[in-house]
Amino acid sequence: MTLRLRATLAERGLDVDLTAPAGRTVALMGPNGSGKSTILGIAAGLLRPDTGEVSLDGHVLTRLGADGRDILVPPHNRHIATLAQDPLLFPHLSVLENVAFAPRSRGVRRSEAHPAARHWLEQVGIPELAERKPAQLSGGQAQRAAIARALAADPGLLLLDEPMAALDVDVTPALRQVLRRVLEGRTAVIVTHDALDALMLADTIVVLGEGKVIEEGSAHDVLAQPRSAFAARIAGLNMLEGSWVDGGVRTADGREVRGMVDGLTPANGAQAVAVFRPAAVSVFRDAPGGSPRNSLPVTVTAIEPQGDRVRLRAGSLIADVTPQALAELDLTPGTQVTFTIKATEVTIYPTS
């Protein structure tokens with residue numbers, strides 16, 4: 001089933017128009033307060049927008065501010081299931097009864113609901129836990145039970161609001177694989193801050209900023225070729241935004257970066273971004289001479305371990321260097337250095 005959602009909500013600065021195609025998963029990403037959970041609330045019928053329309057497979061669930069004949073289908077009649085950070089299992093029911101609750105609430109007899117519940121417990125890999133109570137489950141097991149309960153409702157749309165955010169890091173990979181399997185061929189919208197979740201689970205990424213869609217595309221393209229600062233940050237890349245001037249990107253603060261243009265060369269003055277990897281940055285105490293390269297005077301603001309490398313932060317820019325290089329440069333927060341990047345390591349994308 002295809003989700004179409006167009007909505008405004010002035011109180012939260014929301015003004016969006018997006019689609020989740022049938023059988024596909026859309027990941028909503030963006031900083032806190034950008035509108036991700038608000039969109040899920042509107043889709044589920046838990047939040048009333050000021051204006052807009054929500055439809056699922058052509059069936060209107062919300063229509064407000066159009067012709068005076070408002071439509072607002074209640075949440076339990078929307079054919080939509082929601083999975084949140086908290087599994088929200090009924091503590092007095094067994095795992096089996098929790099999962100069977102969805103079909104039972106639709107009037108399905110116990111003799112039919114229980115086999116369906118056992119099927120979904122098999123699908124999420126916890127059939128042996130059917131008779132346990134939620135208090136006897138680990139966090140990962142409880143979230144698997146919540147996934148089974150959501151799927152047992154046979155929803156036309158599945159909404160997932162950071163379903164792995166509250167789990168231990170050693171539990172997350174296995175649950176991610178479960179979600180990847182059960183979401184195949186389903187229409188779903190997932191809110192996540194994790195680039196790996198987006199790559200493994202989503203077909204499309206929609207990046208939000210201040211209540212509006214600022215970037216949209218395939219999961220691979222958005223993370224490999226980000227057009228927004230947020231997407232670049234979660235992909236672990238550097239990005240400078242500005243205008244195309246004299247063969248390079250010129251930022252608002254006067255920095256100039258040259259690189260290889262992806263696609264058509266932008267028109268003079270058009271908006272563009274320059275993207276490069278932290279590992280492509282060389283760090284110098286003094287600006288080097290020699291062959292032409294991009295030189296960016298910066299001040300080190302933080303130094304962090306990064307696997308077998310050390311990450312230098314300079315405001316919004318980052319560079320990854322070896323521990324030996326860090327020692328030789330004798331760097332501390334507050335040190336002024338020059339980041340240099342070869343033009344061949346910089347990719348420039350037009351954004352307008």
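Is it the case that some residue within segment 187-194 is closer than 26 Å to S138 by Cβ, over 12 Å from the mean Cα position of the chain (by Cα) and modelled with pLDDT of 85 or more? Even if it seems obvious, please write down each step before you answer.
Here is the first cut: in segment 187-194, the residues closer than 26 Å to S138 by Cβ are 188, 190-194.
Next, from what is left, pick out any that are over 12 Å from the mean Cα position of the chain (by Cα): 188.
With modelled with pLDDT of 85 or more added as a condition, the list becomes 188.
Yes - at least one qualifying residue is present in segment 187-194.
For the subset of segment 1-13 comprising residues that are among the hydrophobic types (A, V, I, L, M, F, W, C), within 16 Å of R63 (Cα to Cα) and touching a strand residue (DSSP E or B) at 6+ places or on another chain (Cβ under 6 Å), which member is surrounded by the fewest Cβ atoms within 10 Å (Cβ to Cβ)? Spell out how you get there, then give the answer.
Step one: of segment 1-13, the residues among the hydrophobic types (A, V, I, L, M, F, W, C) are 1, 3, 5, 7, 9-10.
Now restrict to residues that are within 16 Å of R63 (Cα to Cα): 3, 5, 7, 9.
Pick out the ones that are also touching a strand residue (DSSP E or B) at 6+ places or on another chain (Cβ under 6 Å) and you get 3, 5, 7.
Working: L3: 24, L5: 22, A7: 25.
Here the residue is L5.
This table checks each residue for (1) in contact with a helix residue (DSSP H, G or I) (Cβ under 7 Å, 6 or more places away or on another chain); (2) more than 20 Å from L83 (Cβ to Cβ); (3) modelled with pLDDT under 95; (4) not in a helix (DSSP H, G or I).
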residue	(1), (2), (3), (4)
M1	no, no, yes, yes
R6	no, yes, no, yes
D15	no, yes, no, yes
P31	yes, yes, yes, yes
I39	no, no, no, no
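D161: in contact (Cβ under 8 Å) with a residue 12 or more places away in the chain and of a type in the set (D, E, K, R), yes or no? Please lay out each step first, then the result.
Numbers: in contact (Cβ under 8 Å) with a residue 12 or more places away in the chain: yes; of a type in the set (D, E, K, R): yes.
When the stated conditions are applied, D161 passes them.
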Task: Single residue of segment 266-311 satisfying the filter (of a type in the set (A, V, I, L, M, F, W, C) and in a loop (DSSP other than H, G, I, E, B)) that is farthest from F230 (Cα to Cα) - done: A287
TODO: Any chance you could count how many residues in segment 166-186 are assigned to a loop (DSSP other than H, G, I, E, B) and modelled with pLDDT of 85 or more?
DONE: 3
Open item on the list: Suppose we filter G52, G41 for residues that are among the small types (G, A, S) and touching a residue at least 40 places away in the same chain (Cβ under 8 Å); which single one remains?
Closed with: G52
Task: Enumeration of residues in segment 228-245 that are within 19 Å of I341 (Cα to Cα) and in contact with an Asp or Glu (Cβ under 8 Å, 6 or more places away or on another chain) - done: A229, V245
Open item on the list: Scan segment 295-308 and tell me whether some residue there is on the phi < 0 side of the Ramachandran plot, buried (at least 17 other Cβ atoms within 10 Å of the Cβ) and of a type in the set (D, E, K, R).
Closed with: no
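Out of all the residues in segment 309-326, which are more than 29 Å from the chain's Cα centre (by Cα) and surrounded by 11 or more Cβ atoms within 10 Å (Cβ to Cβ)? Break it down into steps so the answer makes sense when it comes.
Just the residues of segment 309-326 that are more than 29 Å from the chain's Cα centre (by Cα), to begin with: 322-326.
T322, P323, A325, L326, listed by residue number.
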Open item on the list: With the structure loaded, tell me whether V95 is within 13 Å of L137 (Cα to Cα) and assigned by TED's automatic domain parsing to the domain that holds A130 or whether it fails that test.
Closed with: yes
- [ ] Quickly run through segment 195-223 and pick out the residues that are outside any strand (DSSP E or B), modelled with pLDDT of 90 or more and farther than 21 Å from E11 by Cβ.
- [x] A202, D203
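Among what's in segment 14-25 and is buried (at least 22 other Cβ atoms within 10 Å of the Cβ) and not small (G, A, S), pick the residue that is farthest from the chain's Cα centre (by Cα). Before the answer, list the steps.
From segment 14-25, those buried (at least 22 other Cβ atoms within 10 Å of the Cβ) are 14, 20, 25; that's our starting set.
Imposing the further condition that a residue be not small (G, A, S) reduces the set to 14, 25.
Values: L14: 17, T25: 11 Å.
Here the answer is L14.
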TODO: State the number of residues belonging to segment 83-105 that are surrounded by fewer than 19 Cβ atoms within 10 Å (Cβ to Cβ), of a type in the set (D, E, K, R) and assigned to a helix (DSSP H, G or I).
DONE: 1
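Quick check on this structure: which one of G263, G289 is under 28 Å from G247 (Cβ atoms), out of contact with any Lys or Arg (no Cβ under 8 Å at 6 or more places or on another chain) and without any contact (Cβ under 8 Å) to a residue 24 or more places away in the chain? So that I can check it myself, show each step before the final result.
On the way: G263 fails: without any contact (Cβ under 8 Å) to a residue 24 or more places away in the chain.
Selected residue: G289, the only one of G263, G289 that is under 28 Å from G247 (Cβ atoms), out of contact with any Lys or Arg (no Cβ under 8 Å at 6 or more places or on another chain) and without any contact (Cβ under 8 Å) to a residue 24 or more places away in the chain.
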TODO: Collect the residues in segment 226-277 that are on the phi > 0 side of the Ramachandran plot and over 29 Å from the mean Cα position of the chain (by Cα), keeping them in residue-number order.
DONE: D246, G247, G254, G269
Open item on the list: I'm trying to understand the selection: among the residues of segment 43-79, which are outside any strand (DSSP E or B), surrounded by 23 or more Cβ atoms within 10 Å (Cβ to Cβ) and among the aliphatic types (A, V, I, L, M)?
Closed with: A43
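Tell me, please, whether a residue that is over 29 Å from R4 (Cβ atoms) and either modelled with pLDDT of 95 or more or not in a loop (DSSP other than H, G, I, E, B) (or both) can be found in segment 153-161. Even if it seems obvious, please write down each step before you answer.
Initially, segment 153-161 is screened for residues over 29 Å from R4 (Cβ atoms), giving none.
No, the conditions are met nowhere in segment 153-161.
The values are calculated or read from the model by the stated rules, or taken from the named source; none is laboratory data. Quick caveat: nothing in here was measured; it's all calculated off a predicted structure. Using ideal geometry, Cβ is built from the backbone for each residue, glycine included, and neighbour counts are taken over all protein chains shown.
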